[in-house]
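*Asks:* Following this message is one structure expressed as structure tokens.
The values are calculated or read from the model by the stated rules, or taken from the named source; none is laboratory data. No experiment lies behind these values; they were computed from the predicted model shown. Every residue, glycine among them, receives a Cβ derived from its backbone with ideal geometry; neighbour counts consider all protein chains shown.
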Amino acid sequence: MPRAIAVHGGAGNIPESLRPEHNEGIRLAREAGRRVLLEGGSALDAVIAAVIVLEDLPAFNAGYGAVLNAEGYIELDAGLMDGSTLDIGAVAAVQGIRNPILLCRYVLTGPHILFAKEDAARLAAAAGIEQVDPRSLITPRRLEQWLAGQRSLRVDSGAPSSPLSAQGETHPPADTVGAVALDAAGNLAAATSTGGINGKAPGRIGDSPLPGGGFYADNLVGACSTTGWGESLARTLTARRAIEGLERGLTPAQAARAAIDLLGQRIAGGEGGLILLDRHGRFGAAFNSQRMTHAWWSEVDGEGVVA
């Protein structure tokens, strides 16, 4: 069975100043996942390895360097799916966990699929997953954004007043990260991790930890990870729509394009992107934002980087 890995670092108006960091980071993540596959590792281990790289890099909106919410702290969402069993592990609105994808891996081994907030943190303690001072995840760039009052107008949170004030940023950078992989045994996996929307309401959860919205994997069909405005991706179940396109006989490129076109048609201002692998190791990607940082390697389709 051909092996393949694809990663993304988010869709949106990625600033020119960050493009070199996005380019380098997405290459490092792809290589981390490829290395796992070439050494005989599983698709699940490959997507986790790739996402950890991106969660640790401050250029991306996941783990260290995630955006701050309206009250000035970080809440992280992530999801993981094993295409061989359809097992899911997801966490939402967690604090003080640098690599939430590792907590997803632990959740995936149990009977439930999604834990949130303090209950997820208790699971992390039980699993021996490192927890850090939440303030240590805040980068100077994100703090500067927060203090400048940059926030999305998409969510009318009703949150108490804060230093944030709406400034018309209707399409904020959505540098969520994700990965999909196919291993030599024919197993597929998908992972997504994010800090959400800058200035979001506390407790707001987007598509990233929601199966079908932010990620999906099924050995019989393919694997998908999405990025963008989470409320729109969740409403249209964009990841599952892309998988359904493969089920209808579309190529990965066609299925990706159809899912993103539907997003834009059905949701006013619906913006996002996705990466997609089919069960044969073929790659596809599509987005309707200005950019989507992504990279892929496939023993069928070769390799590439778009940053």
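*Asks:* Of the residues THR176, THR194, only one is within 29 Å of ASP45 (Cβ to Cβ) and either at pLDDT below 55 or in contact with a Gly (Cβ under 6 Å, 6 or more places away or on another chain) (or both); which?
*Replies:* The unique qualifying residue is THR176.
*Asks:* Then there's this: Between residues in the range 289-307 that are closer than 15 Å to VAL51 by Cα and in contact (Cβ under 8 Å) with a residue 12 or more places away in the chain and residues that are in a strand (DSSP E or B) and charged (D, E, K, R), which pairs lie under 8 Å by C-beta distance while being six or more apart or on different chains?
*Replies:* Matching pairs, first to second residue: ALA295/GLU303; TRP296/GLU303.
*Asks:* Still on this structure, I have one more. Go through the range 235-285 and give me each residue that's more than 23 Å from ALA185 (Cα to Cα), part of a loop (DSSP other than H, G, I, E, B) and over 19 Å from the mean Cα position of the chain (by Cα).
*Replies:* Result: ARG248, LEU250, ILE267, ALA268, GLY269.
*Asks:* Counting just the residues of the range 286-307 that are assigned to a loop (DSSP other than H, G, I, E, B) and of a type in the set (A, V, I, L, M, F, W, C), which one comes out nearest to ASN13 (Cα to Cα)?
*Replies:* ALA307
*Asks:* So is LEU28 in contact with a strand residue (DSSP E or B) (Cβ under 6 Å, 6 or more places away or on another chain) and not hydroxyl-bearing (Ser, Thr, Tyr) or not?
*Replies:* no
For every residue, the table says whether it meets (1) in a loop (DSSP other than H, G, I, E, B); (2) closer than 14 Å to LEU210 by Cα; (3) without any contact (Cβ under 8 Å) to a residue 60 or more places away in the chain; (4) in contact with an Asp or Glu (Cβ under 6 Å, 6 or more places away or on another chain).
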| site | (1), (2), (3), (4) |
| --- | --- |
| ALA93 | no, yes, no, yes |
| ILE97 | yes, no, yes, no |
| GLY110 | yes, no, yes, no |
| PHE115 | no, yes, yes, no |
| GLU118 | no, no, yes, no |
| ALA126 | no, no, yes, no |
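*Asks:* State yes or no: is VAL67 touching a Gly at 6+ places or on another chain (Cβ under 6 Å) and crowded, with 17+ Cβ neighbours inside 10 Å?
*Replies:* So VAL67 fits the description; yes.
*Asks:* Is at least one residue of the range 223-242 within 25 Å of VAL53 (Cα to Cα), surrounded by fewer than 20 Cβ atoms within 10 Å (Cβ to Cβ) and among the acidic types (Asp, Glu)?
*Replies:* Checked the range 223-242: no residue is within 25 Å of VAL53 (Cα to Cα), surrounded by fewer than 20 Cβ atoms within 10 Å (Cβ to Cβ) and among the acidic types (Asp, Glu).
*Asks:* Could you please give the count of residues in the range 179-211 that are among the small types (Gly, Ala, Ser), closer than 19 Å to PHE115 by Cα and crowded, with 21+ Cβ neighbours inside 10 Å?
*Replies:* 7
*Asks:* Could you please give the count of residues in the range 6-64 that are assigned to a strand (DSSP E or B), among the hydrophobic types (A, V, I, L, M, F, W, C) and at pLDDT 95 or above?
*Replies:* 2
Results for (1) over 14 Å from MET81 (Cβ atoms); (2) among the hydrophobic types (A, V, I, L, M, F, W, C), shown as yes or no for each residue.
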site	(1), (2)
SER225	no, no
ARG241	yes, no
ALA255	yes, yes
LEU262	yes, yes
ARG279	yes, no
ARG291	yes, no
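Conditions tested, residue by residue: (1) within 17 Å of ILE52 (Cα to Cα); (2) among the hydrophobic types (A, V, I, L, M, F, W, C).
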| site | (1), (2) |
| --- | --- |
| VAL107 | yes, yes |
| PRO111 | no, no |
| PHE115 | no, yes |
| ARG122 | no, no |
| ARG135 | no, no |
| TRP146 | no, yes |
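*Asks:* Only residues in the range 202-227 that are within 20 Å of ALA258 (Cα to Cα) count as the first member; pair them with residues that are in a loop (DSSP other than H, G, I, E, B) and aromatic (Phe, Trp, Tyr), Cβ under 9 angstrom, at least 6 apart or cross-chain, and list the lot.
*Replies:* ASP207/TRP229
*Asks:* Follow-up question, since we're still on this one. Under the condition of being within 20 Å of the chain's Cα centre (by Cα) and more than 22 Å from THR139 (Cα to Cα), which residue from the range 110-123 is modelled with the lowest pLDDT?
*Replies:* ALA120
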